[in-house]
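Colleague: Questions regarding the structure given below will be posed in turn.
The values are calculated or read from the model by the stated rules, or taken from the named source; none is laboratory data. Here the structure is a predicted model, which means the values were calculated and not measured. Using ideal geometry, Cβ is built from the backbone for each residue, glycine included, and neighbour counts are taken over all protein chains shown. Ligands, DNA and RNA are excluded from the accessible area calculation, which covers all protein heavy atoms including side chains. Shrake-Rupley method; radii C 1.70, N 1.55, O 1.52, S 1.80 Å.
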Amino acid sequence: MRSTVSLDQGLKNLRSIRAEFGDKLPSWNEADTRFQFIDRLLIECFGWPREVIKTESRLDGDIRDYVLGSPSEIVWEAKRAGAYFDFPADKDKGLIQSLKSVMSASKSADAAIRQAQGYCNADGIEFAVVCNGDQLIAFIGQRIGASWLDGKALVCRSLQQLEDEFPTYWQCLSPDGLFERRLATTLGYRIETNLPQNYLRA
């Protein structure tokens, strides 16, 4: 599977979407946040093919907002626009943060991260993202030989940062980027420290 849009086209599409909404999304509920923005971010900006996007996937009574890939590669858990995550103070607004520090700084982020990680455990999926439209947190939900809580996260604080640093987010969260394990390497993990990769696409 390859991304359906290039990095350059994805950035162009993101700028077009941002032109519709400005610097901050409206205070949508979760369903509208998914329909109006996250669906478009996944398809038009990161290039996920529609046929490998499963929405409202159910297991043991729980509903996953998005499971992407065939076989499944990453869980995206959506939150309503306006349910903001607070991040540790950082004058440089660094993209890579300690997962524990992110969870300590924000109760809403802590709850969303734990929810998505639970889906990773239940479904045997390695990667996870939580996203409220304006912000996102990407992390490794399962690790071999270490607690997932000791890991790092790729964070996005705002739509402006998403646009400014889009190449990094595309490299990590597009189908091509996940195939090359760019999220894992960006977060400082070697392949052998994570899950066996016998599911990788040929």
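Colleague: Considering only the range 63-86, I want to know if a residue exists there that is touching a Lys or Arg at 6+ places or on another chain (Cβ under 6 Å), at pLDDT below 95, open to solvent by less than 50 Å² (accessible area, probe 1.4 Å) and farther than 15 Å from Leu173 by Cβ.
Modeller: No, the range 63-86 has no match at all.
Colleague: If you go through the range 106-119 one residue at a time, how many are open to solvent by 30 Å² or more (accessible area, probe 1.4 Å) and over 16 Å from Trp148 (Cβ atoms)?
Modeller: Adding up the residues that qualify gives 2.
Colleague: Kindly indicate whether any position in the range 157-175 is modelled with pLDDT under 95 and among the acidic types (Asp, Glu).
Modeller: Taking every residue of the range 157-175 in turn, none turns out to be modelled with pLDDT under 95 and among the acidic types (Asp, Glu).
Colleague: Which members of the range 127-158 meet the condition of being over 14 Å from the mean Cα position of the chain (by Cα) and of a type outside the set (Lys, Arg)? Spell out the reasoning first.
Modeller: Pass one, the range 127-158, residues over 14 Å from the mean Cα position of the chain (by Cα): 142-151.
Those that are over 14 Å from the mean Cα position of the chain (by Cα) and of a type outside the set (Lys, Arg): Gln142, Ile144, Gly145, Ala146, Ser147, Trp148, Leu149, Asp150, Gly151.
Colleague: A further question follows. Tell me yes or no: at least one residue of the range 91-105 is of a type in the set (Asp, Glu), within 24 Å of Gly151 (Cα to Cα), part of a loop (DSSP other than H, G, I, E, B) and open to solvent by 50 Å² or more (accessible area, probe 1.4 Å).
Modeller: yes
Colleague: May I ask you to list pairs of residues, at least six apart or on different chains, whose Cβ atoms are under 7 Å apart, with the first in the range 68-90 being in a strand (DSSP E or B) and the second being open to solvent by 40 Å² or more (accessible area, probe 1.4 Å)?
Modeller: Short answer, once both residue conditions are applied: Glu77/Gln115; Ala78/Glu30.
Colleague: Here's something else I'd like to know. Do we find a residue being open to solvent by 70 Å² or more (accessible area, probe 1.4 Å), of a type in the set (D, E, K, R) and free of Cβ contacts under 8 Å to residues at least 12 places away in the same chain anywhere in the range 24-31?
Modeller: Within the range 24-31, not a single residue is open to solvent by 70 Å² or more (accessible area, probe 1.4 Å), of a type in the set (D, E, K, R) and free of Cβ contacts under 8 Å to residues at least 12 places away in the same chain.
Colleague: Something else: Can you find even one residue in the range 49-57 that is at pLDDT below 95, assigned to a loop (DSSP other than H, G, I, E, B) and closer than 23 Å to Cys120 by Cβ?
Modeller: No, every residue in the range 49-57 fails to be at pLDDT below 95, assigned to a loop (DSSP other than H, G, I, E, B) and closer than 23 Å to Cys120 by Cβ.
Colleague: Okay, next question. Somewhere in the range 109-128, is a residue farther than 22 Å from Trp48 by Cα, assigned to a loop (DSSP other than H, G, I, E, B) and touching a helix residue (DSSP H, G or I) at 6+ places or on another chain (Cβ under 7 Å)?
Modeller: No, there is no match, as no residue in the range 109-128 is farther than 22 Å from Trp48 by Cα, assigned to a loop (DSSP other than H, G, I, E, B) and touching a helix residue (DSSP H, G or I) at 6+ places or on another chain (Cβ under 7 Å).
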